[in-house]
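Laboratory data are not the source of any read-out in this text; all were calculated from the coordinates shown. The shown structure was predicted, so the numbers you read here are calculated from the model rather than taken from an experiment. Ideal geometry is used to build each Cβ from the backbone, glycine not excepted, and the neighbour counts take in all protein chains shown.
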Amino acid sequence: MPNRSVTFTGIRFENPFLLSSAPPTESENNIMRAFDAGWGGVVTKTIGLHPVINVVGAKAKFMRTGTEDAAVSMRKRPGAALHSSWNWELISDKAIDWWVPRIRRIKEAHPTKVLIASIMAGSGNDKELRNWQTLAQACQDAGADGIECNFSCPHMDRKDMGSNIGKDEGLCSVVTEAVKEVATIPVWTKLTPATRDIVVEAAACFRGGADAMVSSNTFPSLPLIDPETLEFEINVDGLVSSGGLGGPAILPMALANMAKMTQAFPDRAFSGIGGVSDFAQALSYFLLGAGTVQVCTAAMLDQAVGPNVIKRLNAGLDTFLDKHASDGWSSVEDFRSLRRDRVVLQSQIRRPEGDAYQGGYEPVEGYAAPEERPVSV
């Protein structure tokens, strides 16, 4: 019998699939619906001490690409496939006092489900570090199973918040250590991909005492400009700022970051995010060493909380384990990290020898036909 459950950072999950901190987890109702649908865990929309105000109009949109051309656009077109999501949404517009009673009610209603509280504050002084501690303490006292520190929001103007923490190894370590001083539950840190080497920041978080890395948030990006109107496809009064790119388009890049970290820290815990809509993509994260996988874009497009997405993920895991029962696999842990060591330096990849080398004119898609070589007389 396949075993969907996993134990991650000491927490037992009914299955290894979570809704990530994003619009699908912005309310008590959504989180309740997500747990009723079968998600093993939910990470709340990031909670701060004070309310925030988002931009006017749409905060998130989806980009699609046609089958007949390479055009990528936020415009809906018949037959177009999902390319990515794009958002410039800030953290929860509800403050900690709003969230505390709701965390308590959610856990009372779903005691076997895992609720992770995402939190964020600044980092510029001791007061800001105490704010992190206040948030962590309030969430754990309300019954949260774990804390996820948001070091990754890609559109924070403050230099001491969001991804600006995640790009500074010193701040990563100091903030994590401050949260761990008061936390009696596991602490995860969610990193930004907008850094030179994500391993450096992961190492700093682990030095600060983090129990797991979450990788990663969306990639900083701009929406496209409409060639007819010459306006950004999402804007306010014609203006736009950097937002976050997610969904299928970021999957290969997110996997590369996951491989870097799991190779650098093979005995540590990692939760993967980016481009997951069914088990095939989740499997790549597990094979590289992740212990859980988080989902956002696909869930947003499926009744906001992804009831059909979690059914596909669970069914895919069951089918995969049944298929490999003869290998002795009955849970994720039996095949986790199986392909981690296949990722090597480019110089370690075998080269062709002698006449097998075509000098850049390989007979494969995307290359020019081999040049005709003159025949010697």
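In degrees, nearest 10, range 0 to 90: what is the angle between the Cα axis of helix 169-182 and the longest Cα principal axis of the chain?
The helix 169-182 is inclined about 40 degrees to the chain.
Reported to two decimal places, what Rg/Rh ratio describes region 178-237 when computed on Cα atoms with Rh from the Kirkwood expression?
Using Cα coordinates only, the ratio equals 1.26.
Would you work out the Kirkwood radius for the chain? I mean one over the mean of 1/r across all pairs of different Cα atoms, in Å.
21.9 Å
Before rounding to the nearest 500, sum -39500 (n - 2.57) across all DSSP H runs of length at least 4 in the chain and divide by the residue total; then give [θ] at 222 nm in deg cm²/dmol.
Helix contribution divided over all residues of the chain: -9500 deg cm²/dmol.
Using DSSP to define loop residues, name the trypsin sites (Lys or Arg not before Pro) in region 136-207 whose beta-carbon has at most 13 other beta-carbon atoms within 10 Å.
Filter output for region 136-207: Arg158, Lys159, Arg196.
Normalised radius of gyration for region 203-249, please: alpha carbon Rg relative to 2.2 N^0.38 Å, two decimal places.
Dividing the Cα Rg of region 203-249 by 2.2 N^0.38 Å gives 1.78.
What residue among Asp267, Asp97, Asp36 shows peak mean-square fluctuation when the chain is described by a Gaussian network model with Cα springs under 10 Å?
Asp267
Could you give the spread of the C-alpha atoms of region 141-297 along their three principal axes, from largest to smallest, in whole angstroms?
54, 37, 34
For region 12-103, compute Rh as the Kirkwood radius over C-alpha pairs and then the Stokes-Einstein diffusion coefficient at 10 °C and 1.306 mPa s; write the answer in µm²/s, rounded to an integer.
Taking Rh from Cα pairs, D becomes 103 µm²/s.
For the Cα atoms of the chain, what angle does the longest principal axis make with the long axis of helix 307-323, in degrees from 0 to 90, nearest 10?
That works out to roughly 60 degrees.
Tilt of helix 198-207 relative to the longest C-alpha principal axis of the chain, in degrees (0 to 90, nearest 10)?
Once rounded, the angle reads 30 degrees.
Just from the alpha-carbon atoms, what are the Rg and Dmax of region 232-377 in angstroms?
21.5, 72
Can you tell me, using C-alpha contacts under 8 Å and at least 6 residues apart, the relative contact order of the chain as a whole percent?
After rounding, I find 17 percent.
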